[in-house]
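To start, the structure under review is shown below, and the notes come after it.
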Amino acid sequence: QVQLVESGGGLVQPGGSLRLSCAASGSIFSINAMGWYRQAPGKQRELVAVITSGGSTNYADSVKGRFTISRDNAKRSMYLQMNSLKPEDTAVYYCAAKIQATHVTMHYDYWGQGTQVTVAS
């Protein structure tokens, strides 16, 4: 069974920083692209940042220059360093990854359970 588990969310003041982590576990053969998504109340889930297995990255315009996505392939983990946080960054943040489990031949999308990030004074 493949699982993605996020951690690191919480309450932070505007201008502050948080670092989210996402760890993959289970019977994994390989992990391709990984990404962070977020969903604010009453809004659709949106892509925040994505990173390929080779380390190429892409960001939503709203977070460029403030957020940094990274991954550690040996640890099967991904991170999101969030700086200069704004109230509009408040959302549930989800990690997602395209993972090939050991008993299949294709990569499938897996999602974590989400972690709440609240930016407020």
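Computed about the Cα centre, the dipole magnitude for the stretch 27-86 is approximately 140 debye when only Lys and Arg (+1) and Asp and Glu (-1) carry charge, each at its Cβ. Over all other residues within a Cβ to Cβ distance under 10 Å of Ala40, the charged ones net out to 0, with Lys and Arg as +1 and Asp and Glu as -1.
About the Cα centre of the chain, how large is the charge dipole given +1 on each Lys and Arg Cβ and -1 on each Asp and Glu Cβ? Please answer in debye to the nearest 20.
Working: 11 positive and 7 negative charges, 23 e Å.
Dipole size: approximately 100 debye.
Normalising the average separation of contacting C-alpha pairs (under 8 angstrom, six or more residues apart) by the number of residues puts the relative contact order of the chain at 37 percent.
Rg then Dmax, both in Å and based on the Cα atoms of the chain: 14.2, 48.
Just how many pairs of Lys in the stretch 12-121 have C-alpha atoms closer than 21 Å, counting pairs that are eight or more places apart or on different chains? Walk me through the numbers on the way to the answer.
Values: Lys43/Lys64; Lys43/Lys86; Lys64/Lys86; Lys75/Lys98.
Total qualifying Lys-Lys pairs in the stretch 12-121 comes to 4.
Per residue, how much accessible area does the chain show when a 1.4 Å probe rolls over the protein heavy atoms, in square angstrom? Each step should come with its number before you reach the end.
Values: 6470 Å² over 121 residues.
Computed with neighbouring chains in place, this is 53 Å² per residue.
Applying 1/(1 + (r/R0)^6) with R0 = 22 Å to the Cβ-Cβ distance of Lys75 and Ser27, what FRET efficiency is obtained, to the nearest 0.05? Using R0 = 22 Å, I get an efficiency of 0.85.
The values are calculated or read from the model by the stated rules, or taken from the named source; none is laboratory data. Worth saying up front: this structure is predicted, and the values here are computed from it rather than measured. Cβ sites come from the backbone with ideal geometry, for glycine too, and all protein chains shown count toward neighbours. When the accessible area is computed, the model is the full protein with side chains, heavy atoms only, and any ligands, DNA or RNA have been set aside. Shrake-Rupley method; radii C 1.70, N 1.55, O 1.52, S 1.80 Å.
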